[in-house]
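These notes concern the structure reproduced below.
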Amino acid sequence: MIEKYLYINTIGCQMNVYDSERIAQVLKTLQYKLTSSVEKADLIIVNTCAIREKAEQKVFSFLGRLSGMKKGKPGLIIGVGGCVAQQDGEKVLARMPFVDIVFGTHAIARLPEMIKKVESGKSRVVNVDMAPEIYEFQPVEETKNSGSTSRFVTIMQGCDNYCTYCVVPYVRGREMSRLPADIIKEITGLAKSGVREITLLGQNVNSYGKKEGLCSFPEMLESINEINSIQRIRFTTSHPKDLSLDLIKSFKNLDKLCKHFHLPVQSGSDRILKKMNRKYTSKHYFEKISTLRDYCPEIAISSDFIVGFPGETESDFMETLEMIKTVGFDSLFAFKYSDRPNAPASRLLNKISDAEKKKRLKILLEFQKTITLEKNKSLIGSTQEVLVEGLSKKESTAGGNGIKKRIPLQWTGRTSTNKIVNFTGYENCGSHKEKITGKLIRVRIDRALSNSLQGKSMSERPKSSDNKGEESYAA
Ligand code: 5AD
Ligand code: SF4
């Protein structure tokens, strides 16, 4: 049989990363093998993002680069999936004459039949129908070692909140939760394949199962906490208005739940929060943070902010900075407001100039940088438990000249509070890579940077027979 190769370019959020894994999975049925070389590919899929204009520009600039490739390789199939595909449908075909397939956010399971149609010469195909169920195929059964320590699992998709700036409800559809049994089966399979950390994904995980009358999100966390070789559980994203006391208590009660909460607030101004349709005030937000810290004092908090929402005044922006100072976030993401075609805020007047948005973004990020660095510095001298993800990037690309040097290897991992830690301590034990990766190791922190921590391992070297990943190597 002739080998066929699939190249996927994933743009955007973690949910797209997960969806791309699904795409690769369903296309195995058509004998497509994943490749990291775009030139080698017989099928190129672009999994797109529409959240901000910049992400959309990235999609079309990548697609533009593919236009010439088809001339040299007539059999090449090009597919566009994800949020831009859902949003623009047929329009993608009109704009990009070399694209063969446009499939929406609910159409992954239908992709093989769409490809078969194109392969048999039956013109170009578009499918942006919203399916009544989430992921119309069986959970992945992973049997052999997948090689990754950490994986995403989508537990719900879509959103019913309609924040006025946001495109998600239009491109991902109404909120829908997967069945608990399917989720548990999938995570158990991943655990068997060597995965130690799971990040549960959904636009608003706090309302998991509510509409369908399934179990609650904290109950789902409890069940996952019982899965033996899963060591860490994370989740994203939450809406402050739906954050329940039960979920807050989970941070105290569930040993595997990581002590990190990503709680996007978007603005510190009540006037802007109202225009955004966020349905909470800054006071409510502070109360939730304070309760979280009462139950779990060491919890790290991160957030998302939008600067330059239509009508945002200098004084609204000051309130945002004030909020950042009051909460003392461990880290945050901030974005310049961007008009989205379907989102109601695009019709608001008093748009903020790009120069002003840029200025506010810079001020905000610099303001936070100092706070992050202070928080990181406070960890110098402490010992942190780190889940090892592998050799640090610098190490895995170094040493091309074949000369062996006796220098300590740099490993990388994260604390429960989601801080990146690069550490030494297993001198010249590259052969132990597979034994250390996926383990919980104790690291003494000796240096703090604004994006990461550095330290030295305090754990014993794992013994050769220890390869199950259930145990931690506490010194
Ligand atoms: N403009 C800028 N940022 C946006 N976000 C969502 N929509 C927009 C938009 N139109 C940001 C929000 C959200 C994050 C995923 O993206 O901060 O939490
Ligand atoms: Fe978008 Fe708001 Fe839904 Fe988040 S909660 S996905 S910002 S509409």
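None of the figures in this text is laboratory data; all of them are computed from the coordinates on show. All values reported here derive from a predicted model rather than from experimental measurement. Glycine gets a Cβ as well: all are built from the backbone with ideal geometry, and neighbour counts include every protein chain shown.
Can you say what percent of the DSSP beta bridges in the chain, counting only those with both residues inside, are antiparallel? Round to 5.
Bridges in the chain are about 30 percent antiparallel.
Counting other beta carbons within 10 Å of each Cβ, put M69, M156 in order, fewest first.
Exposure proxy ranking, most exposed first: M69, M156.
State the Cα centre-to-centre distance between the range 87-110 and the range 301-345 in whole Å.
33 Å
Over the Cα atoms of the chain, what is the Rg over Rh ratio if Rh follows Kirkwood?
0.97
Given H placed on each backbone N at 1.01 Å, which residues far from F152 in sequence or on other chains put an amide H within less than 5 Å of it?
Amide H neighbours of F152, under 5 Å, 5+ apart: T199.
Suppose the chain between M130 and K249 were pulled fully straight at 0.36 nm per residue; how much longer would it get relative to their current alpha carbon spacing?
Full extension from M130 to K249 adds 39.3 nm.
At what distance in angstrom do the alpha carbon centres of the range 232-283 and the range 22-83 lie from each other?
Spelled out, the Cα-based centre of one part sits 35 Å from the other.
Which length gain, in nm to one decimal place, applies between A94 and S67 when the Cα-Cα distance is subtracted from 0.36 nm times their residue separation?
Answer, rounded to one decimal: 8.4 nm.
Assuming R0 = 45 Å, what is the FRET efficiency of Q31 and K279, from their Cβ-Cβ distance, to the nearest 0.05?
0.40
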